[in-house]
There are 2 protein chains.
Amino acid sequence: MKLVVVGLGEMGASLALAMKRGRGKIEIVGVDNDERTMNQAVQLGIIDKMTTDLQSAVINADLIVLATPTKVIIDYLTQLARLTLKQTVVVTDTGSTKVQVMQAARELTTAGINFVGGHAMAGTQKAGVTAADEKLYDEVPYFLISTQPKLIETTQRLLAPLQAKFTTITAVKHDQMMAQLSDLPHIVAAALVNSTAQTLQAEPELPQYAAGGFKDTTRIGGADPKMWTDVLMTNRPATLSALQHYQAQIAAMISVLENGDAAGINAFFTSSRAIRAKFEE
Amino acid sequence: MKLVVVGLGEMGASLALAMKRGRGKIEIVGVDNDERTMNQAVQLGIIDKMTTDLQSAVINADLIVLATPTKVIIDYLTQLARLTLKQTVVVTDTGSTKVQVMQAARELTTAGINFVGGHAMAGTQKAGVTAADEKLYDEVPYFLISTQPKLIETTQRLLAPLQAKFTTITAVKHDQMMAQLSDLPHIVAAALVNSTAQTLQAEPELPQYAAGGFKDTTRIGGADPKMWTDVLMTNRPATLSALQHYQAQIAAMISVLENGDAAGINAFFTSSRAIRAKFEE
């Protein structure tokens with residue numbers, strides 16, 4: 001099997017490593033816009049060959065995995081629609097939002113090429129090719145998006161060495177869940193951090209008084225701005241809807257506090273405690 | 001020295017244990033509304049005597065520490081103002097909000113009794129007398145509130161066995177910092193949890209897809225409703241102000257997302273990352 005991985009960050013490089021655990025013979029070609037990253041990937045034994053020429057990489061490929069940021073995945077989908085591909089190839093991606101990706105893949109699927117949207121709930125705070133981990137996908141929920149059951153089956157068979165927990169889902173449902181579980185928490189945490197700016201200016205010693213609660217709640221407020229701009233820009237409708245529901249919760253709490261409504265405060269935290277208990281840790 | 005600890009939860013019981021590490025002779029009397037808690041405290045060697053009769057407990061006391069929830073501290077301050085106390089006694093508390101406590105202590109101080117507001121940035125997820133830990137206060141920031149430098153000095157000397165990092169602060173400044181660092185994060189986390197209710201109803205499998213970011217950000221959304229109702233009700237003005245500033249951040253982000261303003265999203269997360277870096281972990 002010939003596998004092409006486009007984008008050798010943590011997700012793509014880990015996928016390449018994990019795919020090497022399969023029983024069959026595999027040749028892995030890596031494509032990245034950073035020459036140094038590709039060299040490292042070869043040296044670390046993550047890929048067998050490297051190239052920046054997409055056409056030469058994808059020719060005869062059986063599986064093409066686009067593992068770049070979502071905006072770049074969309075660009076590659078447009079490029080792939082104009083290249084010569086093996087008729088049986090499966091193209092998939094690892095982007096964290098799916099509605100825009102599925103739309104961008106239409107040109108490709110109209111040309112008769114198989115595309116399956118993909119997104120694994122994997123990834124750490126680390127980044128780059130040196131963060132590659134062959135166990136990154138082990139037992140991790142891995143969403144696949146396609147209306148063709150046979151294609152889902154083929155993709156699962158091709159990606160079997162990842163040992164992920166594959167689940168089919170619609171792009172819309174996927175993006176709503178991600179908005180709620182990932183995009184919204186990042187906004188909430190960053191807004192909390194930003195709202196300390198004024199107090200911090202008046203009290204520069206503020207950080208030393210921050211306890212575990214503040215630190216947990218704001219941890220992802222330190223996330224990479226470039227990455228999160230990309231994620232939010234490609235999942236705007238779902239994120240906006242989640243954010244507006246959230247804003248209503250904040251507005252309700254302001255009103256409850258203004259009224260000194262102790263029962264209202266208690267109900268707010270009682271509801272939260274009951275729902276939070278459904279989530280682990 | 002005779003020490004009276006009122007309220008034998010984690011804070012009070014740990015304080016009693018830590019005070020036993022001092023060099024001088026100390027007699028510790030525990031007061032709690034729960035007989036079982038007091039019995040446990042005696043059995044665990046945390047206190048020397050127990051009683052529910054406040055007057056008999058506080059007579060001849062050199063130091064009285066009120067370690068109950070803030071609302072109850074306020075009740076005790078009113079009660080103490082009507083009891084016979086040693087003229088040199090120092091009364092202090094461990095409540096997490098201070099403006100209301102300092103106001104409630106006025107009757108006592110008008111009667112010539114020394115009162116110093118206190119609040120240590122200590123405490124774990126555990127609760128109750130069995131969570132007592134003699135090291136709980138070690139090296140922890142411990143705020144003291146009083147306009148009398150000599151009284152602060154005396155209090156620090158009396159509480160020296162705690163090995164805490166004592167800092168003086170005004171009640172207003174203290175409550176603003178707590179609103180920002182503790183009250184607001186609890187509201188933000190609970191609002192985020194509550195805002196998942198709708199999605200959770202449609203997708204009961206949602207929790208299994210929640211990753212570390214969601215879990216960190218919502219961890220304190222599982223906090224005790226009774227305790228947090230008490231905290232917020234006693235620190236309403238500062239919490240409301242912090243929450244309103246926070247709401248403005250959320251509103252700004254909604255507008256940025258509505259406009260598809262990528263530079264605006266980037267600026268939001270760039271600011272957050274820079275500020276978050278000033279806080280540890």
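Put simply, the C-alpha atoms of the protein assembly as shown give a gyration tensor, and the ellipsoid matching it has half-axes of 57, 23, 20 Å, longest first. Its Cα centre serving as origin, chain A has a Cβ charge dipole (Lys and Arg +1, Asp and Glu -1) of approximately 860 debye.
Oblate is the label for region A:173-276, because the ratio a/c of its alpha-carbon gyration tensor axes (a ≥ b ≥ c) is 1.5 or higher and a/b is not greater than b/c. Once the other residues with Cβ under 15 Å from the Cβ of residue B:143 are scored (Lys, Arg +1; Asp, Glu -1), what is the net sum? That works out to -2.
Taking θ as phi - 60°, what are the ³J(HN,Hα) couplings along region A:64-73 by the Karplus curve (6.51, -1.76, 1.60), each to the nearest whole Hz, with x for Gly and Pro? Once θ is set to phi - 60°, the couplings for region A:64-73 become 10, 10, 8, 10, 9, x, 4, 4, 6, 4 Hz. As I understand it, the value is the acute angle between the Cα axis of helix A:10-19 and the longest principal axis of the Cα atoms of chain A; what does it come to in degrees, rounded to 10? Relative to chain A, helix A:10-19 is tipped by roughly 50 degrees.
Here the Karplus relation 6.51 cos²θ - 1.76 cosθ + 1.60, evaluated at θ = phi - 60°, turns the backbone of region B:92-106 into coupling constants of 9, 9, 10, x, 7, 10, 10, 4, 5, 5, 5, 5, 5, 7, 4 Hz, with x for every Gly and Pro. Averaging 1/r over every pair of different alpha carbons in region B:2-169 and inverting the result gives a Kirkwood radius of 15.5 Å.
Relative to the longest principal axis of the Cα atoms of chain B, the long axis of helix B:262-276 makes an angle of roughly 20 degrees. Taking each DSSP H run with n ≥ 4 as -39500 (n - 2.57) and averaging over every residue of the protein assembly as shown yields -14000 deg cm²/dmol at 222 nm. Using only side-chain charges placed at the Cβ, +1 for Lys and Arg and -1 for Asp and Glu, the dipole size of the protein assembly as shown relative to its Cα centre rounds to 380 debye. Between copies, the label points of residue A:49, set 7 Å from Cα on the Cα→Cβ line, lie 8.9 nm apart, reported in increasing order to one decimal in nanometres. By DSSP, the beta bridges lying fully in region B:1-142 are antiparallel in about 5 percent of cases. In chain A, the longest principal axis of the Cα atoms and the axis of helix A:236-258 are about 10 degrees apart.
Amide H to amide H distances under 5 Å link residue A:50 with A:30, where only residues 5 or more positions off or on other chains count and H is placed in the peptide plane. The amide H of residue B:165, built 1.01 Å from its N in the peptide plane, has B:139, B:140, B:142 as neighbours under 5 Å, considering only residues 5 or more places off or on other chains. Inter-copy label distances for residue A:153: 8.7 nm (label point placed 7 Å from Cα along Cα→Cβ; shortest first).
Note on chain A: percent of Cα-Cα distances in each 10 Å bin, starting at 0 and stopping at the bin with the largest distance, equals 6, 25, 31, 19, 12, 6, 1.
The lysines whose alpha-carbon is closer than 30 Å to the alpha-carbon of residue B:226, local same-chain residues fewer than 8 away aside, are A:215, A:278, B:49, B:71, B:98, B:126, B:135, B:165, B:173, B:215. Close amide H partners of residue B:114, meaning residues 5 or more places away or on another chain with modelled amide H under 5 Å apart, are B:91. The residue among A:129, A:54, A:149 whose Cα reaches farthest toward the positive pole of the charge dipole of region A:2-169, with charges on the beta-carbon of Lys, Arg, Asp and Glu, is A:149. For region A:101-138, trypsin sites (Lys or Arg not before Pro) meeting the loop criterion (DSSP other than H, G, I, E, B) and having at most 16 other Cβ atoms within 10 Å: A:126, A:135.
Applying a DSSP loop filter and a limit of 10 other Cβ atoms within 10 Å to the trypsin sites (Lys or Arg not before Pro) in region A:24-75 leaves A:25.
Placing a label point 7 Å from Cα along the Cα-to-Cβ axis, residue B:165 is separated from the same position in the other copies by 4.2 nm, shortest listed first.
Only the coordinates and a few stated rules stand behind these numbers; no lab work does. Predicted, not measured: the structure shown is a model, and the values here were computed from it. All Cβ positions, glycine included, derive from the backbone under ideal geometry; neighbour counts span all protein chains shown.
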